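Accompanying notes for the structure given below.
The values are calculated or read from the model by the stated rules, or taken from the named source; none is laboratory data. No experiment lies behind these values; they were computed from the predicted model shown. No Cβ is skipped: glycine too gets one built from the backbone with ideal geometry, and neighbour counts run over all protein chains shown. Remember, those area values only see protein heavy atoms, side chains included, never the ligands or the DNA or RNA. Shrake-Rupley method; radii C 1.70, N 1.55, O 1.52, S 1.80 Å.
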Amino acid sequence: MTKNKLLQLHFLAAICLAGVVFNACKPDDPQPDTSIILLDSLTIAIGESQTLLQNTAVKGVRWTSGNVKIATVDSTGKVTAIAIGNTIIYGETDSKKDSCIITVIPPIPVDSIRFAQKTILFLLNESIGLKVSVYPENATNRTVIWKSSYDSIATVDATGKIAVKKEGSTTIYAKAGNQTDSCKVTVVNKLIVTTQKITIVSATAATFTGEVNANTEKGFCYSTSPNPTIAGTKLVLHEDSAFSAKATKLEYGIKYYVRAYATSAQNAVYSKQDSVTITVPENIVINGVTWATCNIDTLGIFAKTPESAGKLYQWNCKTTLDITSTKAEGWSETIPQGTAWEKANDPSHAGYRIPRKAEMDALCDTSKVTNEWTTRNGVAGRKFTDKLTDNYIFLPAVGSRNHTVGLLYGAKTHGFYWSSTAHESEQIGAYRLRFNQNGAGVSDACRRDAYSIRPVAK
C-alpha cells in the first residue's frame, strides 16, 4: 500500500470517528408525552361533575372507575361524584394505561345569595340582566333560579334578563340552593327630573334640592364646564333619601354648572342646567387667622380678584411698584429701617394690616392647613385650605423685584409675600412667605426686595 493511500485511509477513519463522537454528544430528541390523564388527583363534591384534563394527542381512550359507588366516568372522561370516599379513574388504550385518584367530599351548601341592587327602575324600552352573587364561591351547586312575582309587569328568564311589559312594580326573586334574595323592579314610561333650588351656605359650600317622579338612584352633578354628567363630580343619593345634597370645597368667584339626575336601568336622565357662583368674600378665617382674599393693589385698595397680582412693595415702604413693566419706577436702593413695619407705611386696606411672621407660620402649619400648587382662572399659585372648615385663600405666583437693581424675578413660578416682622439679628432682613410648585415656607430676605402683600384683619 502506497504512503498516499495510507494517509487517505487514516483521514477517512478520523472523519468517521468524529461523526460517531458528534452524534453521541447530540442531545436526545424530545420524546412525546404519552400520559393519558394530565392530573394525578382530583377532589370534587357530591353531585359535581368534572371532565379530567387529558392529553389530546392520545386517541381512543377507554374510561373506567375503580368504584362506581364513589364516582362514575363516562366515555369522554367526565367524572361524576356519587358518594363520599376515594376511588381511581382509569384511562386506557391498547398500549397504555393511566390513572387519577378521585376524592369525593360532602357537598358545599350555598350560604347566601345577594342582588347587586335591591331596587332598580326600568323605562318601558329597557332590558338588562340582573346580577347576583352566590356565596361561598366554591358552593357545590351555584345554579340560580329566577322568578318574577308579576309577569304582567316584567318577566325574567333563566339568565336573569328582565323584559318589561308595562308600568308598575314587581319583585324579582333569585334562589340558589336554599337561599333566596329579592329585588324590587319598578317600570315607568318616563323619568322626569328637576333642580328646584340652589342655596349658598358658606364661602365654599352650597346645597342643591331636586325632584324626580320615581323612586330610584338620584343626585346632582356639577362642574365648571357646562352640561356636567355623572361621569364627572357628582353627589349620589339613594332611593329612599330626600332629594337634597350639600356640595363642599367649592371655590368662591367660580361659576359652577349644576344638573340634577336620576338613573334607570340603562340611562341617566338630567334636569335643565342651572348654575351658581359664590361671591368672593372680603376675608376668610384659616387656622384662627382672618385673611383677606385678595392682594393689595395701590395704597389701601384690594386687587380685583383673588388671582390678580396687585402691586409690589419693599419692606416697610408704601411706594407701589409695578409687576409688569421692565423699569422699576419708584425703586429705592436704600435699605428700609425699623424693628417692624410701621403703621404709617402700611398700604393695607382699612381694617387690615400686614401679617406677622407667626400668622404666616400658622398658614404653613401642615397639621391644620393643606397647601397645594394649582391654577385659578389660568393663574398659577398656591392654595391654602383649613382642614377643619375647608376655608381657603389663593395666593398667585406674582414673583418679585430683586433687591440688587429691582429686576423682575419668578413671575408665574414663585410667590413672595411680606410679613411685618423684622429679622431678630439681621438689620437688613425681614421675614416673608415664599413658595413655588415644590412647597411653601417662611424664611428671611433682604428688606430691599419688593414682594406682594396679602393682609390680615386687625
Study note, to complete from the structure: Per the list (1) open to solvent by less than 80 Å² (accessible area, probe 1.4 Å); (2) more than 54 Å from the chain's Cα centre (by Cα); (3) modelled with pLDDT under 95; (4) not polar (S, T, N, Q), residue check on Gly47 breaks on (2)
Check your understanding: Picking from Glu211, Glu239, which residue would you name as being surrounded by 14 or more Cβ atoms within 10 Å (Cβ to Cβ), more than 18 Å from Thr277 (Cβ to Cβ), of a type in the set (Asp, Glu) and in contact with a Phe, Trp or Tyr (Cβ under 9 Å, 6 or more places away or on another chain)?
Key -> Glu211
Point to revise | Only listed residue being among the small types (Gly, Ala, Ser), part of a strand (DSSP E or B) and more than 16 Å from Lys118 (Cβ to Cβ), chosen from Ala139, Ala163, Ala158, Ala174 | key: Ala163
Study note, to complete from the structure: Among strands (runs of 3 or more DSSP E) completely within region 345-458, the ones holding 2 or more residues that are basic (Lys, Arg) and either in contact (Cβ under 8 Å) with a residue 12 or more places away in the chain or touching a Ser or Thr at 6+ places or on another chain (Cβ under 6 Å) (or both) are 379-386, 429-436
Exercise for review: Could you list all residues from region 282-297 that are open to solvent by 30 Å² or more (accessible area, probe 1.4 Å), of a type outside the set (Gly, Ala, Ser) and either in contact (Cβ under 8 Å) with a residue 60 or more places away in the chain or farther than 23 Å from Ala422 by Cα (or both)?
Suggested key: Glu282, Asn283, Val285, Asn287, Thr290
Exercise for review: For residues that are open to solvent by less than 50 Å² (accessible area, probe 1.4 Å) and either modelled with pLDDT of 95 or more or not β-branched (Val, Ile, Thr) (or both), tally how many sit in region 214-229.
Suggested key: 8
Review point. Of the residues that sit in region 310-337 and are open to solvent by 30 Å² or more (accessible area, probe 1.4 Å) and among the small types (Gly, Ala, Ser), which one is nearest to Gly415 (Cα to Cα)?
Key: Ser325
Review point. Within region 251-281, which residues are of a type in the set (A, V, I, L, M, F, W, C), in a strand (DSSP E or B) and either under 30 Å from Phe122 (Cα atoms) or open to solvent by 60 Å² or more (accessible area, probe 1.4 Å) (or both)?
Key: Val258, Ala260, Ala262, Ala268, Val269
